[in-house]
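Reading through the C-alpha cells given below for one structure.
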Amino acid sequence: AFWGEAHACGEEWGQFSASGLAKIPSAPPQVWMYCRLYRKLERFRSPELLDAAKAGGEFLLRYARVAPPGKKCAFVLTRDGRPVKVQRTIFSECFYTMAMNELWRVTGEARYQVCGREAASVGRPRPPGLGPHSVCPPSHLSGPSPKQGGEGGGIFLVGWQGLKAHLASLFLPRQRDGQAVLENVSEDGEELSGCLGRHQNPGHALEAGWFLLRHAIRKGDPELRAHVIDKFLLLPFRSGWDADHGGLFYFQDADGLCPTQLEWAMKLWWPHSEAMIAFLMGYSDSGDPALLHLFCRVADYTFRQVSGLPVRHGCGGNSRQPFLPGPFWPWEDAGLGWGG
C-alpha cells in the first residue's frame, strides 16, 4: 500500500532523494517485483499493483535511456526525468532489462521485450588503461537477468547460457587458495596489487553467491553448490559480520588493514537483504539447518534495526555513529539510516 501510494504520481515514478533525484537502479527492481508478485501469487493479482508496475515501466521507457536510440541508461534522473549521472558500469541496464522482461511476461506487450533486449546488449565502454574487473556487474549478468531468460523464452540470446557459465567460472574464488572473495580481479580472475586488489565487499560477495547458487542448482551440480555455499555464502559472512555490534560491514580489506573507503563500517540495508536471500535459498535447496540459523540471525538483526524507524529511514544505512544524508538519499550510498 505504501509504495502503491508513493508511485501514484503521474509523470513521476520511483524513490526520490531529499534533493529530488531519482536513482534508476532503485526503480526497475520495484517494477520487476510488482510484476512478479502479480504473475505468481493470486493474492497480489490486483489491477492497482499491475497499474503501478506499468506506470513504472512507462517512466523507464520514456526517461531511462540517456540518448535514444542509444542503449545506455542513466544512473540518476531529476524528478522530471532528465539525466543527472551516467555510470560506466551496467547496473542500470541490468535492472532495466529485468523490469522490461517481467513486464513483457505479465502484459504480453512485445515492445517491452524489444526494449529489454536492446538494453541487454549495451556492453560496457572500456577505457584503454582499464585493467581490473569488478565482481558485481558481471555477477548481475550471471544472476537475475538470465534467471528471467531461463524461465521459458525470455528476451536473451541463445549464447547466454554459455556466457553465464563463463562468468560463474571467472568469479569462483581462486585467489588466496579460495580463502577470500575479492571485489576486483584481473581479466583472467587473478588478484590485483595494492588496496584495489585487497578490496572486499561482503554484500557483493553474498549477492554473487546466491546468483551462483541458483546457477549450480539449475545445472544439477551438487559439488558446485557445496563450493558456492562454502566460499560465497559462509566465507564472506563470517569475515564481514561485526562480532561486537552485529551487522555486515560495507567494505573490508583482505589483509585486515583499514579499508581506504571512509564509509567502510556502515551497515547498509542491501547486504543484509542479499544475505537473507542467499541463506534462505541455500536452506531451501539443501535443508541444512545451519543456513536457516544464519538467515534468522541476519533477519533478527535487520528487522530489529529497521522496525523503529520511519519507512524512508529504512532505505539507507548507518554505522555506529550518525551520518548526514548524501545527495542520493534515501538509497544505499546515503548516509542517514538505521544504525547498528
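The values are calculated or read from the model by the stated rules, or taken from the named source; none is laboratory data. Values in this document were obtained by computation on a predicted structure and should not be read as measured data. So basically every Cβ, Gly included, is an ideal-geometry build from the backbone, and we count neighbours across all protein chains shown. Note: areas computed on protein heavy atoms with side chains; ligands, DNA, RNA excluded. Shrake-Rupley method; radii C 1.70, N 1.55, O 1.52, S 1.80 Å.
Computed values, structure above
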item	result
Criterion (crowded, with 18+ Cβ neighbours inside 10 Å, out of contact with any Ser or Thr (no Cβ under 9 Å at 6 or more places or on another chain) and closer than 21 Å to HIS272 by Cα) met by exactly one of GLY240, GLY246	GLY240
Filter result for LEU224 (at pLDDT below 95 and either surrounded by fewer than 22 Cβ atoms within 10 Å (Cβ to Cβ) or at positive phi (or both))	yes
Segment 222-260 - residue that is without any contact (Cβ under 8 Å) to a residue 24 or more places away in the chain and in a loop (DSSP other than H, G, I, E, B) and, of those, farthest from ASN184 (Cα to Cα)	ASP244
Pair list, Cβ < 6 Å and 6+ apart or interchain, from segment 66-80 residues that are within 15 Å of SER26 (Cβ to Cβ) to residues that are basic (Lys, Arg) and surrounded by fewer than 20 Cβ atoms within 10 Å (Cβ to Cβ)	PHE75/LYS85; VAL76/LYS85
Filter pass, TRP264 being buried (at least 18 other Cβ atoms within 10 Å of the Cβ) and under 22 Å from PHE91 (Cα atoms)	no
Given (1) under 26 Å from GLU207 (Cβ atoms); (2) touching a helix residue (DSSP H, G or I) at 6+ places or on another chain (Cβ under 9 Å); (3) at pLDDT below 85; (4) open to solvent by 20 Å² or more (accessible area, probe 1.4 Å), index of the condition GLY10 fails	(1)
Whichever residue in segment 187-221 is surrounded by 15 or more Cβ atoms within 10 Å (Cβ to Cβ) and in a loop (DSSP other than H, G, I, E, B) and, among such residues, is modelled with the highest pLDDT	ASN201
Segment 269-292 residues that are under 15 Å from PRO236 (Cα atoms), paired with ones that are hydroxyl-bearing (Ser, Thr, Tyr) (beta carbon under 8 Å, 6 or more apart)	PRO271/TYR250; HIS272/TYR301; HIS272/THR302; SER273/THR302; MET276/THR302; LEU291/TYR283
Residue count, segment 72-90 (criterion: surrounded by fewer than 18 Cβ atoms within 10 Å (Cβ to Cβ) and within 16 Å of MET100 (Cα to Cα))	0
Residue list for segment 39-65, filter: of a type outside the set (D, E, K, R) and surrounded by 17 or more Cβ atoms within 10 Å (Cβ to Cβ)	LEU49, LEU50, ALA52, ALA53, ALA55, GLY56, GLY57, PHE59, LEU60, LEU61, TYR63, ALA64
Hey, PHE95 surrounded by fewer than 22 Cβ atoms within 10 Å (Cβ to Cβ), touching a residue at least 12 places away in the same chain (Cβ under 8 Å) and among the aromatic types (Phe, Trp, Tyr) or not	no
Count of segment 269-305 residues which are over 16 Å from HIS245 (Cβ atoms) and among the charged types (D, E, K, R)	3
